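Here's the structure, in structure tokens; my notes come after.
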Amino acid sequence: MTSLAGIQSLSKHFNGVVALADFSCAVAEREILGLLGPNGAGKTTLFNVLTGLLAPDSGSASFKGQALVGRPVHKIANLGIARTFQNLRLIRRITVLENVLLCFKNQPGENLLNVFFRPGLCKRHEDGIREKALALLEPAGLSEKAHDLADNLSYGQQKLLSIVCCLAADADLLLLDEPIAGIAPEMAERILTIIADLPNQGKSAIVIEHDIDAIKGIAHRMIFMDAGRKICEGTPDEVLNDPRVIEAYLD
Amino acid sequence: MSYILHIATIVMLYAMLAACLNLCSGRTRLLALSTAAFYGIGAYVAAIASTRIGASFLISLPLAVATSAAIALLVGLVVMRCSGEFFLLCTLSINAVLWVVANSWMSVTRGALGISKIPGFFDLSNVVAIRVTSLIVVGVGLIVLQLVCTRALSSPFGRLLWGLEDAPIFLAAMGKDAKRLRLTVFVLSAALSAIPGVFFAHHIGFVDPSSFTVMESVLCLAIVILGGLGNLRGGLIAAVAVVVLPEALRFLVLPDASAAQVRQIIYGLALVACMLWRPQGLIGEYAFGREAKPK
Ligand SMILES: Nc1ncnc2c1ncn2[C@@H]1O[C@H](COP(=O)(O)OP(=O)(O)OP(=O)(O)O)[C@@H](O)[C@H]1O
Ligand SMILES: [Mg+2]
């Protein structure tokens, strides 16, 4: 398997609190990597560093051979990395469909010159992505909600929507922060199905999740981290049978 | 008759300003207080171009828009880094600074003396004919401007505006450049605000700094908020209300000495009443953004 993203000895402190300590790992193409760890282990911090929201104290990260550290957030996203947020961030004042439409890349209509001087081009592109957006909302079970305000969705539906947004962005690497935490089982099932299908579309994902049973079923490989460090790494069985992991999840 | 035509023209000028401001502040809720500055730039460009080189308003229009855009781009490099109340303060200081420039740059603006003898839109002598042509020219301008704003807002560009203040991190994480978006919408709004400025100069025939104070910008913002943030049609109606109400109050029979103050009080109360009973704007269920829709 070829490597899609690499992370080399990232470190990050917040006034004495260690969030990442010499953390390294790699993600292969078409791979789903499960990321486990207790609260405060630094999982979200890793995502924030990878997506450019936080600058690491030291270390580097690369994606498709391009260095990530120091690049602005939107440029990292345009390289092909999309993410969801633990505290969901969507635009609540617009509809579900509009949220999805907004996430498509390279829209001619985002440039005002095209809006006024090439309306045909904008219209054709808009029609195309509208069809794609509806097709993405269907398997997420959000078709009927397409024209509701995003604010009117349940928590689980909002989580689904944020994943659909990542799919609309057509990213090669999805960073999913607790995609099924705190939602109804049938909704979780839907989300897991979507995640498990990512490799078939040529995509990879790093999935943070506390629900061990759920993540075991979809991850190809797992990493367990604590206090910013990688404690162990391997197949789901290897990691879940590691005494240090068992200890962490028993107390 | 001529008075009513004049008031109608003024209403349309404010409606144009409201449309421009709505572009920048409506959906984003990035409230700007620099409308009068760019309105003033438009007016001064027209005043100077027509009195010094005899330019007609058709020549002043592109000149004013370009000047306004250039200045907006320059100050925009600072403005685009600000959001929320910092944006408000930043735009307010732009207005304050440009007002001082208009007041002190004697050789160009003639300071507080102002620039007078600005010709009308066309070379006419009949007062009513002058007023009617003003009304028509400004009316056409208003329609075009409304169409431009509507088109901009209904495009994918306009869709991004919803997230500019509410969800900037979401926008960035989806590959959208929020700073650039903020700069673009600010410059566009400023450039278009120069158009009513040109019309103002040719309609009134005189410009001085007193027409472009921060209070003018506040009034424009009041119109936009009354009409419902992001609601172009609401802005039109609010412009009528805000301009006509104080004029109508002139006709109240009041003791001379207190008339002005009483009018101000009634006007203020009317605005407060609107904010209390129609916080979502004067018209439309979904006027204030769209979240006013009941769940
Ligand atoms: N912006 C920040 N400022 C200060 N401290 C922070 C910041 N972000 C994270 N931390 C701290 O860094 C540590 C790691 O936080 P992080 O959010 O990465 O943990 P996590 O593994 O995602 O935990 P959880 O499972 O609770 O989401 C925590 O101690 C947290 O308090
Ligand atoms: Mg977290």
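A simple charge model with +1 on the Cβ of Lys and Arg, -1 on the Cβ of Asp and Glu and nothing else charged puts the dipole of the protein assembly as shown at about 1860 debye relative to its Cα centre. Can you tally the net charge around residue B:99? Count Lys and Arg as +1, Asp and Glu as -1, for every other residue whose Cβ sits under 12 Å from the Cβ of residue B:99. Local charge sum for residue B:99: -2. The charge dipole of region B:124-236, taken about its Cα centre with unit charges on the Cβ of Lys, Arg, Asp and Glu (plus for the first two, minus for the last two), comes to roughly 340 debye. Any of A:43/A:145; A:132/B:179; A:105/A:216; A:12/A:159; A:123/B:179 with alpha carbons more than 30 Å apart? Name them for me. Those over the limit are A:43/A:145; A:105/A:216.
What percent antiparallel are the DSSP beta bridges of region A:3-250, to the nearest 5?
Details: 21 of 37 bridges.
Beta bridges within region A:3-250, antiparallel portion: roughly 55 percent.
The dipole here belongs to chain B: it is taken about the Cα centre, uses +1 on the Cβ of Lys and Arg and -1 on the Cβ of Asp and Glu, and is about 560 debye. For the segment A:96-102, counting C-beta atoms of other chains within 10 Å of every residue's C-beta and taking the mean gives 3. Of A:59, A:141, A:182, the residue with the greatest mean-square motion in the GNM of chain A, using alpha carbon springs below 10 Å, is A:182. For chain B, a/c is not less than 1.5, where a ≥ b ≥ c are the root eigenvalues of the C-alpha gyration tensor, and a/b does not top b/c. That puts it in the oblate class. Backbone geometry of region B:202-214 corresponds, through the Karplus equation with coefficients 6.51, -1.76 and 1.60 at θ = phi - 60°, to 3J(HN,Hα) couplings of 6, 6, 7, x, 8, 10, 8, x, 5, 7, 10, 7, 4 Hz, x marking Gly and Pro.
Taking every residue in A:156-166 and counting other chain Cβ atoms within 10 Å of its Cβ, the average works out to 1. The label-point distance for residue B:56 and residue A:22, in a model that sets each label 7 Å from Cα toward Cβ, rounds to 7.9 nm. Which residue, B:158, B:16, B:172, has the largest displacement toward the positive end of the dipole of region B:2-213 when charges sit on each Cβ (Lys, Arg +1; Asp, Glu -1)? Comparing the listed Cα positions along the dipole, B:172 ranks first. Multiplying the residue separation of residue B:264 and residue B:129 by 0.36 nm and removing their Cα-Cα distance gives an extension gain of 45.3 nm.
Given axes a ≥ b ≥ c from the Cα gyration tensor, I'd like to know whether region B:1-52 is rounded (a/c under 1.5), prolate (a/b larger than b/c) or oblate. Oblate, since a/c reaches 1.5 and b/c is not below a/b. List residues of region A:152-182, by number, whose backbone nitrogen lies under 13 Å from a label position 7 Å along Cα→C-beta of residue A:210. It comes to A:178-182, nothing else. In the distance distribution for region A:1-105, Cα-Cα pairs more than 19 Å apart total 50 percent.
The figure for residue A:98 is an accessible area of roughly 40 square angstrom, using a 1.4 Å probe on the protein chains alone. Dipole of region A:3-250 computed with +1 at Lys/Arg Cβ and -1 at Asp/Glu Cβ about the Cα centre; of A:48, A:120, A:208, farthest Cα towards the positive end is A:120.
With Cβ to Cβ distances under 10 Å as the rule, what net charge do the other residues near residue A:22 carry (K, R +1; D, E -1)? The partial results should precede the final answer.
Values: positive: A:229, A:230; negative: none.
For residues surrounding residue A:22, the net value is +2.
Available extension along the chain between residue A:127 and residue A:189 is 19.2 nm, counting 0.36 nm per residue and deducting the alpha carbon span.
Taken along its three principal axes, the alpha carbon spread of region A:94-172 comes to 41, 27, 16 Å, from the longest extent down to the shortest.
Between rounded, prolate and oblate, where does region A:55-190 land on the alpha carbon gyration tensor, with a ≥ b ≥ c its root eigenvalues, rounded for a/c under 1.5, else prolate if a/b exceeds b/c?
On the way: a/c = 2.07, a/b = 1.02, b/c = 2.03.
It comes out oblate by the Cα gyration axes.
What is the sum of charges around residue B:188, taking Lys and Arg as +1, Asp and Glu as -1, for the other residues whose C-beta is under 14 Å from the C-beta of residue B:188? If you can, show how the numbers build up before the last one.
Details: positive: B:27, B:151, B:180, B:182; negative: A:110.
Result for the local shell: +3.
From other protein chains only, count the Cβ atoms within 10 Å of every residue's Cβ in B:153-165, then give the mean. Before the final figure, lay out the partial values.
Values: counts 0, 2, 13, 15, 8, 4, 10, 5, 1, 7, 9, 1, 0.
Counting Cβ atoms of other protein chains within 10 Å of each residue's Cβ and averaging gives 6.
Return the percentage of antiparallel bridges among DSSP beta bridges fully within the protein assembly as shown, rounded to the nearest 5 %. Of those bridges, close to 60 percent are antiparallel.
In a fully extended conformation the segment linking residue B:248 and residue B:97 would gain 51.0 nm over its present Cα-Cα distance, using 0.36 nm per residue.
In chain B, helices alone account for a calculated mean residue ellipticity at 222 nm of -24500 deg cm²/dmol, with every DSSP H run of four or more residues adding -39,500 (n - 2.57). Comparing A:223, A:174, A:191 along the charge dipole axis of region A:153-251, the residue lying farthest to the positive side is A:174, per the Cβ-charge model.
The values are calculated or read from the model by the stated rules, or taken from the named source; none is laboratory data. Not measured: the values here are computed from a predicted model. Cβ: placed from backbone, ideal geometry, glycine included. Neighbour counts: every protein chain shown. Each accessible area value is taken on the protein alone, full model and side chains, heavy atoms only, with ligands, DNA and RNA left out. Shrake-Rupley method; radii C 1.70, N 1.55, O 1.52, S 1.80 Å.
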